[in-house]
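S.K.: Once you've had a glance at the structure underneath, I'll fire off some questions.
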Amino acid sequence: MRILSGIQPSGALHIGNYLGAIRQYVALQDANDAYYFVADYHALTSVRDAATLHKYVSDVLVDLLALGLDPERAVLFVQSDVPETVELSWLLTSVTPMGWLEKCVSYKDKVQQGLPAEHGLFAYPVLQAADILLYDADLVPVGQDQKQHLEITRDVAERFNHVYGGKKKEVFRLPKPYILDSVAVVPGLDGRKMSKSYSNTIEIFDEPAAIRKKVKKFVTDSTPVEAPKDPDADPLFGLFKLFAKEADRDEVERRYREGGIGYGEVKTRLGEALIETFAEARERRADWVAHPERVAAVRAAGAEKARATARKVLDRARAACGLG
Ligand code: AQP
């Protein structure tokens, strides 16, 4: 199967990105034909400083490599290295009804949070549809927040196929989301979805001391240590169980139900579990950082492979609608 997914270079990657998406990227690269990209065109809606964007793009490339993306097994590229993306986006824009974009909750959320109501933010799902359709993707590993955008991608593809495909072969392949229930919405420090916009994130590659400090900020209620607590209703335990070893998870869960465990202890154990989980990746990251020429080579090779695939699909779409 062809796998495709992207991640924005709009700040340091957090553990919501890891569990909701990157872990699946790594798992799916073995038995599939996988394409993963750093979505720098998308980040233009929020990052407005050239040097910062440059830095974020190389940071995300390095992070993905450190977390286990293997350029021998997956195509790792930067979105803007494939300018065909923007041309396809326009072809799709031309058949996308306004109403489909107007109903997108992500746009409304971001404007409510204070982001300017710009066209790029509004049309973001069309660019995302281009990202996906350009590679004939079958499956798109994402978190729950991207589900609606995936539906729009399918709708746009079907509409283009209907308008231009006619009785002939379909122009675009219809992709499906790949969302794992257990990590569809990873909670942040305040119990809401972990998200850069909510400033409730724990960064994957923070220094251990910073991770220990950050987990202490997890918002909890005032149930006393000795009182029983419901682990299923507690976002702190929800996060802990995603990183803890099975025996630790079972022990903490039992003590929640019986009473006798305080949130302070759970926070400390969560911090240690996170540090341990990413210890090897942290070492690999230092190695990639020390060899920027290797990262540049991965990027160049990824761009070449991605462009070759993209060109074929774009030519198909151009021919279908009478361009060229
Ligand atoms: N909390 C989360 N739980 C599960 N999956 C998540 N993802 C993000 N947060 C969670 C998934 O990570 C992938 C890459 O996300 P992105 O680059 O599109 O960033 P994002 O969704 O924009 O991440 P943020 O932190 O939530 O950024 P803002 O605040 O800018 O919106 C996606 O597959 C996403 O689902």
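S.K.: For the chain, which whole percent of the accessible surface, found with a 1.4 angstrom probe, sits on carbon and sulfur atoms?
M.R.: Carbon and sulfur: 53 percent of the exposed surface of the chain.
S.K.: While we're here: Straight distance only, please: which aspartates and glutamates reach the Cα of LYS214 with their own Cα at less than 17 Å, same-chain residues fewer than 8 apart left out?
M.R.: ASP190, GLU203, ASP206, GLU265, GLU272, GLU276
S.K.: Further question: Which of VAL225, LEU180, ASN161 sits closest to the plus end of the dipole of segment 141-239, meaning its Cα is farthest towards the positive end, when Lys and Arg get +1 and Asp and Glu get -1 on the C-beta?
M.R.: ASN161
S.K.: Any of LYS110/LYS312; LYS103/LYS217; LYS108/LYS176; LYS108/LYS147 with alpha carbons more than 26 Å apart? Name them for me.
M.R.: The pairs that break the limit, which is 26 Å between Cα atoms, are LYS110/LYS312; LYS103/LYS217.
S.K.: Rounded to a whole number, what is D in µm²/s for the chain from Stokes-Einstein with the Kirkwood radius over alpha-carbon pairs (20 °C, 1.002 mPa s)?
M.R.: This corresponds to a translational diffusion coefficient of 102 µm²/s.
S.K.: I'd like the distance between the alpha-carbon centres of segment 290-324 and segment 102-123, rounded to an integer number of Å.
M.R.: Computed from Cα coordinates, the inter-centre distance equals 29 Å.
S.K.: Counting heavy atoms of the protein chains only and a 1.4 Å probe, report the per residue accessible area for the chain as a whole number of Å².
M.R.: Result: 47 Å² of accessible area for each residue.
S.K.: Rounded to the nearest 500 deg cm²/dmol, what is the calculated helix-only ellipticity per residue at 222 nm for the chain, with -39500 (n - 2.57) per DSSP H run of length n ≥ 4?
M.R.: Result for the chain: -15500 deg cm²/dmol, rounded to the nearest 500.
S.K.: Highest GNM mean-square fluctuation, the chain, Cα pairs closer than 10 Å: which of SER222, SER46, SER89?
M.R.: SER222
S.K.: Next up: Using packing as a proxy for protection, rank 283-295, 242-254, 76-88 so that the peptide with the highest average count of other Cβ atoms within 10 Å comes first.
M.R.: 76-88, 242-254, 283-295
S.K.: Right, another one. With θ taken as phi - 60° and the coefficients 6.51, -1.76 and 1.60, list the Karplus ³J(HN,Hα) couplings across segment 184-192 in order, rounded to whole Hz; mark glycine and proline as x.
M.R.: Coupling constants for segment 184-192: 5, 9, 7, x, x, 4, 9, x, 7 Hz.
S.K.: What is the ratio of the Cα radius of gyration of segment 206-277 to 2.2 N^0.38 Å, with N the residue count, to two decimals?
M.R.: Taking the Cα Rg and dividing by 2.2 N^0.38 Å, one obtains 1.04.
S.K.: Determine the percent antiparallel among the DSSP beta bridges restricted to the chain, to the nearest 5.
M.R.: Counting DSSP beta bridges with both partners in the chain, the antiparallel share is about 10 percent.
S.K.: Here's something else I'd like to know. Ranked highest first by the average count of other Cβ atoms within 10 Å around their residues, in what order do 96-108, 226-238 fall?
M.R.: 226-238, 96-108
S.K.: Starting from the Kirkwood Rh over alpha-carbon pairs, what translational D in µm² s⁻¹ does segment 82-175 have by Stokes-Einstein at 4 °C and 1.567 mPa s?
M.R.: 94 µm²/s
S.K.: For the chain, list the DSSP H helices whose alpha carbon atoms reach 30 Å or more along the long axis and whose average Kyte-Doolittle value is -0.5 or above?
M.R.: Helices passing the filter in the chain: 292-321.
S.K.: Separate question: Gaussian network model of the chain, Cα springs within a sub-10 Å range: biggest mean-square fluctuation belongs to which of TYR178, TYR198, TYR135?
M.R.: TYR198
The values are calculated or read from the model by the stated rules, or taken from the named source; none is laboratory data. Everything quoted here is computed from the prediction, not taken from an experiment. We place every Cβ from the backbone using ideal geometry, glycine too, and count neighbours over all the protein chains shown. SASA here: full protein model, heavy atoms, side chains in, ligands and nucleic acids out. Shrake-Rupley method; radii C 1.70, N 1.55, O 1.52, S 1.80 Å.
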